[in-house]
Amino acid sequence: MYDSREAHNLQLLSTLAFLLLVQFYVAGSTAPGLLGKLASCTVENEVIQIPILAGNPCYVCRCKNKSVECSQACPRINGCKGIVKKEKGECCPACQETQESTSCTHEGRTHKNNESWFERDCQICFCINGSVSCEHQRCSSPASLKCPDGKKKGQVPGACCPQCIEETGVCTSYGDPHYQTFDGQMFNFHGTCRYQLTSDCVGDTFTIRMRNERRYSNVYAWSKALTIHLGDSTIVLHKDLQVKVNRSDVDLPYYHLPHFQITKGSFTITLVSKIGVQVQWDGSGFIEIQVPKSFMGKVCGLCGNFNGNTKDEFALKNGRLASSAREFGEGWSLGRSRNNGCEKAPSPPVDSTVTKCISRLRVYWRAQKRCWPIKKQFENCHKKVNPKAFFWSCIADVCQCSGRRCECEAVMAYARACRREGVAVTWGRKNTCVSCKGGAIFDDCVPACQRTCDNKDGVSVPCPTRSCVPGCRCPAGTVWNSQRTKCIQMWKCPPQLASIQGKLRIAAVSSKRSHKWIWQLNSDTGR
């Protein structure tokens, strides 16, 4: 088939060849510099205007080594994120960018244009026109964050500043162990096996299981480990705050962003996930699970079905209601076998244990003394949270656990329940569960990143975990010293280097201005 463009190019090349071989000189021509029998020139790299190419934007002629060379004048295309394509009727190919072409790839993940995301070490990154830029997260005042109905202040993986997250339900397991479901039902169950605490029984997005063992007595059980399945990841929280992810030991903090992060406080491990599920574990027996309210009626296990109704809390796997806490607990056991360390829960309930304990006056008196904070010290919370079940659970734990501080988990569970109702309890300086040094006091809810002399002037401290965790904190009006060994009043903090440098710069500028003013004064006087 005849191609008119090929014929035009052939004709053009023939004409150029003719120009180079035949004398071309016209007096007063608009193409100065053309001399001799061959098209030649004198000014290196000068653009030569050849009449026959006038009006053709596809070619440009320049002076190269005293000869005229003509070539296509297409610009070089660098860093094209789209497709390099030559359109019909155009001389040169061009970069055609699409919405997909402006996306960014960062550490193996693809992000859309104008998307932002969190990275470890309190970084926030942005994808802008195919380029990634990251900067340190800057927190505004916590009071400035207003969350709409159904939301509360909380944390998402990677965020070091408070975010608005979905309101949650809370399930707690503590002590030997005692349980409080998402809907508030309390019961006791002492079997040793693997049990399903809670799981997304509709979408299968997460599962949390616990393993119990006999400890301190041959009757009661305590939590040994937690196994959490999140997507393709399996996280195991062991005793002594050791953590495995997909069967490998990991150091904390551990990040698998944006899916989840695991951080370690003074006494607890906290897992925060993208889907809103949060887990807190003290490595001994205290477990707190938070699940967003969007999972209401979709979960199942020892933490209940989270439907707002306590009357159907003991639902088994087949939907039938168990007649007792013992039957309910056994119904959610997994892989029951003596080879797996599984034993059925003893029949006597906690009440009978407490009854036996009362007959041993010395043991009972010790249990009363150790559990007394729930009754007296936390009295300001009694109207919001009934202390009865927590107190007698505490008594049972201490009676079965001589020689150890087994009351702490029950006391902690009650304090955390009060905190969720908006009541802050006072632990006091002489708290027997945890000993804090340097003038600090223990609290069930302290920021993971606390004020020190180094950050005391910041509006809000960026922190890898915004979760409220048990730990030692400085009393009001004081902060940790730079070494975090003792609490001191803020005015006793040594001045920071940056502040000193800033003051020196101001003094230097002021001194320079003063010298200039004196010089001008002397000059005026000399006149």
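The values are calculated or read from the model by the stated rules, or taken from the named source; none is laboratory data. Just so you know, these numbers come straight off a predicted model, no measurement behind them. All Cβ positions, glycine included, derive from the backbone under ideal geometry; neighbour counts span all protein chains shown. Heads up: the accessible areas ignore ligands, DNA and RNA and are worked out on the full protein's heavy atoms, side chains in. Shrake-Rupley method; radii C 1.70, N 1.55, O 1.52, S 1.80 Å.
For segment 80-96, which positions are at pLDDT 75 or above and among the basic types (Lys, Arg)? Result: Lys85, Lys86, Lys88. The single condition among (1) of a type in the set (Gly, Ala, Ser); (2) surrounded by 20 or more Cβ atoms within 10 Å (Cβ to Cβ); (3) not in a strand (DSSP E or B) that Ser173 does not satisfy is (3).
Listed by first and then second residue, the pairs with beta-carbon distance under 9 Å, at least 6 apart or on different chains, first residue in segment 482-501 and among the aliphatic types (A, V, I, L, M) and loosely packed, with under 10 Cβ neighbours inside 10 Å, second part of a loop (DSSP other than H, G, I, E, B) and at pLDDT 85 or above, form an empty list.
Within segment 470-498, if we keep just the residues that are touching an Asp or Glu at 6+ places or on another chain (Cβ under 9 Å) and of a type in the set (Gly, Ala, Ser), the residue that is modelled with the lowest pLDDT turns out to be Gly471. Does Val202 meet the test of being assigned to a loop (DSSP other than H, G, I, E, B), at pLDDT 85 or above, open to solvent by 50 Å² or more (accessible area, probe 1.4 Å) and farther than 30 Å from Cys394 by Cβ? When the stated conditions are applied, Val202 passes them. Residues that are crowded, with 23+ Cβ neighbours inside 10 Å and under 22 Å from Gly471 (Cβ atoms) were ranked within segment 379-396; the one that is farthest from the chain's Cα centre (by Cα) is Cys394. Figure legend. Inter-residue proximity from segment 282-298: first residues closer than 15 Å to Glu213 by Cα, second residues open to solvent by less than 40 Å² (accessible area, probe 1.4 Å) and part of a loop (DSSP other than H, G, I, E, B), beta-carbon distance below 7 Å, spacing 6+ or different chains. Indicated pairs: Gly285/Gly175; Gly285/Pro177.
Here Cys406 clears all of (1) at pLDDT 80 or above; (2) over 26 Å from Gln137 (Cβ atoms); (3) open to solvent by less than 10 Å² (accessible area, probe 1.4 Å) except the condition numbered (1). For segment 107-122, a residue qualifies if it is surrounded by 15 or more Cβ atoms within 10 Å (Cβ to Cβ) and in contact (Cβ under 8 Å) with a residue 24 or more places away in the chain, and the qualifying residues are Trp117, Phe118, Glu119, Cys122. With respect to the stated conditions, Arg466 fails to be assigned to a loop (DSSP other than H, G, I, E, B), modelled with pLDDT of 80 or more, in contact with a strand residue (DSSP E or B) (Cβ under 8 Å, 6 or more places away or on another chain) and within 30 Å of Glu119 (Cα to Cα).
Of all residues in segment 176-198, those that are open to solvent by less than 10 Å² (accessible area, probe 1.4 Å), out of contact with any Phe, Trp or Tyr (no Cβ under 6 Å at 6 or more places or on another chain) and either among the polar types (S, T, N, Q) or closer than 22 Å to Val411 by Cα (or both) total 7. Within segment 232-255, the residues that satisfy the criterion of being open to solvent by 70 Å² or more (accessible area, probe 1.4 Å) and either under 14 Å from the mean Cα position of the chain (by Cα) or not charged (D, E, K, R) (or both) are Gln242, Asn246, Pro253.
Annotation note: Cβ proximity below 8 Å between a residue of segment 163-192 that is acidic (Asp, Glu) and a residue that is open to solvent by 20 Å² or more (accessible area, probe 1.4 Å) and in a strand (DSSP E or B) (sequence gap 6+ or interchain) occurs for Glu166/Lys151; Glu166/Lys152; Glu167/Lys151; Glu167/Lys152; Asp176/Asn188.
Could you list, in sequence order, all residues of segment 264-279 that are in a strand (DSSP E or B), open to solvent by 10 Å² or more (accessible area, probe 1.4 Å) and farther than 16 Å from Glu166 by Cα?
Of everything in segment 264-279, just one residue is in a strand (DSSP E or B), open to solvent by 10 Å² or more (accessible area, probe 1.4 Å) and farther than 16 Å from Glu166 by Cα, namely Lys264.
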